[in-house]
């Protein structure tokens with residue numbers, strides 16, 4: 001079963017990510033820097049779920065682990081964010097098992113590498 005680390009820039013209280021195979025950065029160390037998150041994810045074979053383009057850029061120059069799911073939905077109300085992610089999350093996870101980077105947009109999901 002694939003495991004995920006949720007970046008601090010994403011909602012902490014989200015039932016979709018309230019499962020054993022998800023860890024939120026806040027529960028590990030709320031002060032983790034991007035380089036520390038990357039190292040932790042690499043050492044623990046985790047996929048990073050983030051809104052931060054730095055992880056997306058970094059995976060293009062590296063090989064997994066970690067893999068990256070980059071959520072690029074822009075600013076939206078929390079309810080709209082939850083609805084959007086909940087609707088497509090299974091497709092995102094399926095793509096994540098095949099690609100080192102998955103970018104999630106409002107109108108499409110894109111797999112790279």
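The values are calculated or read from the model by the stated rules, or taken from the named source; none is laboratory data. All figures in this text were calculated on a predicted structure; none of them were measured in a lab. Heads up, the Cβs are rebuilt from the backbone with ideal geometry, glycines too, and the neighbour counts pull from every protein chain shown.
Brief remarks on what is shown
- Screening residue 45 against (1) exposed (fewer than 13 other Cβ atoms within 10 Å of the Cβ); (2) within 18 Å of residue 112 (Cα to Cα); (3) touching a residue at least 24 places away in the same chain (Cβ under 8 Å); (4) touching a strand residue (DSSP E or B) at 6+ places or on another chain (Cβ under 9 Å) leaves a single unmet condition, (2).
- Count of the stretch 69-113 residues which are within 21 Å of residue 57 (Cβ to Cβ) and part of a helix (DSSP H, G or I): 3
- Residue within the stretch 10-18 that is at pLDDT 90 or above and surrounded by fewer than 17 Cβ atoms within 10 Å (Cβ to Cβ) present: no
- Some residue of the stretch 48-63 being under 21 Å from residue 91 (Cα atoms), free of Cβ contacts under 8 Å to residues at least 60 places away in the same chain and in a loop (DSSP other than H, G, I, E, B): yes
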